[in-house]
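Visitor: Dumping the structure here so I can ask a few things about it.
The values are calculated or read from the model by the stated rules, or taken from the named source; none is laboratory data. Fair warning: this is a prediction, and the values are worked out from it, not measured in the lab. Glycine also receives a Cβ, built like all others from the backbone with ideal geometry; neighbour counts cover every protein chain displayed. Protein only, heavy atoms only, side chains kept; ligands, DNA and RNA dropped before computing areas. Shrake-Rupley method; radii C 1.70, N 1.55, O 1.52, S 1.80 Å.
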Amino acid sequence: MLKAADVEQTLRKGGSARVDDDVAPKFKPGQRVVARNLNPLGHTRVPRYIRGRSGTVDRDHGVFVFPDTNAAGTGKSPQHVYSVRFEASEVWGAETGAKDAIYIDLWDDYLDPV
Amino acid sequence: MPGDDHLHNHDHSDVPSDLALRVKALESLLVEKGLVDPEALNVLIDTYETKVGPRNGAKVVARAWSDPAYKARLLSKGGKAIAELGFTGRQGEDMIVVENTDTTHNMVVCTLCSCYPWPVLGLPPVWYKAAPYRSRAVRDPRGVLADFGVTLPDSVEVRVWDSTAELRYLVLPQRPPGTDGMSENELAALVTRDSMIGTGLAKTPSTKGST
């Protein structure tokens, strides 16, 4: 149980889901990817509105614990997380904000190459 | 306070709202079962009511406006640069700072829940956690911006950052005109919480104190 005297230190320390595991990235910045059409019964962080849509890897954030398996208690499955840029027109249709874009952080297992 | 302007056509009583009662009941249970130390709860609440909040982020922004080398560090290694000012901890472990320019406007949302960079902005406002903002920010960001009183020319690209993973985002708003020679403290007073979420702009000196 968290005690009052430990609150400040606990908050200050935080708890990063970033891990040091040496895992090779499956994708690289500039690469075209498509978000898999995943519909698991359990926890996932791939938003529904992006499933099946194509985008471009903007940057590689490094290696993080994979929430789908971690939440299910089946392991940390460490893997790369990328910021993927999806054009608004790709997600919402051609008439929508041609210049605008959505950047979404996605794990390796949410993506396929285009 | 919300509710202060409600119609007075009902009897006032001292019964708290359903939500407040539910929270109280949960808290009592957690304390009685020995799962939560009420004193620790008090320290937690005090921390986010009086110590950690958007004034932290405003100091980061003011420093970036004043010091180009700091700004470069902030945009390349956000978390480390923010830690230089002493702001670290939970929900700020992996920070990304995105810069607004004449051609790009950034806005942050968490469509899945309410992820928010606590060490620099404190706890999220109610609207940030609510379904209307979370669903519409990605579908119609310019409409949301208009609701917040911000209209951007079509020439500006709007980038919406959906913080679905463990990265937390801070928007570096544009430095307003007419602020040459201002100190960091004066600049920080122009930096609003919403300007660091991207639903607002920093105040110009003439509008300072209007909100």
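Visitor: At a probe radius of 1.4 Å, what is the per-residue accessible area of B:W65, in Å² to the nearest 10?
Guide: My reading of the accessible area for B:W65 is about 30 Å².
Visitor: For q values of 0.19, 0.24, 0.26 Å⁻¹, compute log₁₀ I(q)/I(0) with the Debye formula on a Cα-only model of the range A:27-113, without solvent.
Guide: With no solvent term, the Cα-only Debye profile gives -0.83, -1.18, -1.30.
Visitor: Let me make sure I get this right: for the protein assembly as shown, a, b and c are the square roots of the gyration tensor eigenvalues over alpha carbons, sorted descending. Under 1.5 in a/c it's rounded, otherwise prolate if a/b > b/c, else oblate. Which is it?
Guide: rounded
Visitor: Related question: For the range A:20-89, run through the trypsin sites (Lys or Arg not before Pro) and keep only the ones in DSSP coil with at most 13 other Cβ atoms within 10 Å of their Cβ.
Guide: none
Visitor: Now for a separate question. HN-Hα J couplings of the range B:139-149 from phi, Karplus 6.51/-1.76/1.60, θ = phi - 60°, integer Hz, Gly and Pro as x?
Guide: Result, rounded to whole Hz: 7, 9, x, 5, x, 5, 4, 4, 4, 8, x.
Visitor: Relative contact order for the range B:38-112: what percent, with Cα pairs under 8 Å and sequence separation of 6 or more?
Guide: Relative contact order comes out at 18 percent.
Visitor: For the range B:98-211, what Kirkwood radius comes out of the mean inverse Cα-Cα distance, in Å?
Guide: Mean inverse Cα-Cα distance, inverted, gives 14.6 Å.
Visitor: Send over a whole-number figure in Å² for the accessible area per residue of the range B:65-134, probe 1.4 Å.
Guide: So the range B:65-134 comes to 41 Å² accessible per residue, rounded to a whole number.
Visitor: Buried accessible area between A and B (1.4 Å probe, both chains summed, ligands and nucleic acids excluded), in Å² to the nearest 100?
Guide: 3100 Å²
Visitor: If you don't mind, there's one more thing I want to ask. What's the local net charge at B:D102, with K and R +1, D and E -1, over the other residues with C-beta under 13 Å away?
Guide: Around B:D102, the surrounding residues sum to -1.
Visitor: By how many degrees, 0 to 90 and rounded to 10, does the Cα axis of helix B:18-32 deviate from the longest principal axis of chain B?
Guide: Once rounded, the angle reads 80 degrees.
Visitor: Isolated Cys in the protein assembly as shown by the 4.7 Å beta carbon test?
Guide: If one checks each Cβ against the other cysteines of the protein assembly as shown, B:C113 turn up with nothing under 4.7 Å.
Visitor: Decide, for the range B:136-192, between rounded, prolate and oblate: order the square roots of the alpha carbon gyration tensor eigenvalues as a ≥ b ≥ c, take rounded if a/c falls under 1.5, and otherwise choose prolate if a/b is larger than b/c, else oblate.
Guide: oblate
Visitor: Also, quick follow-up: With a ≥ b ≥ c the root eigenvalues of the C-alpha gyration tensor of the range A:47-93, is it rounded (a/c under 1.5), prolate (a/b larger than b/c) or oblate?
Guide: It comes out oblate by the Cα gyration axes.
Visitor: Work through the residues other than B:S183 whose Cβ is under 13 Å from its Cβ and net out their charges, Lys, Arg +1 and Asp, Glu -1.
Guide: -2
Visitor: Of all the C-alpha pairs in chain B, what % are more than 28 Å from each other?
Guide: The calculated P(r) of chain B puts 37 percent of pairs beyond 28 Å.
Visitor: Please report, as a whole percent, how much of the solvent-accessible surface of the protein assembly as shown comes from carbon and sulfur atoms (probe radius 1.4 Å).
Guide: Carbon-and-sulfur percentage of accessible area, whole number: 54.
Visitor: Could you work out the local net charge near A:G15, counting Lys and Arg as +1, Asp and Glu as -1, over the other residues with Cβ closer than 12 Å to its Cβ?
Guide: Residues close to A:G15 contribute a combined charge of +1.
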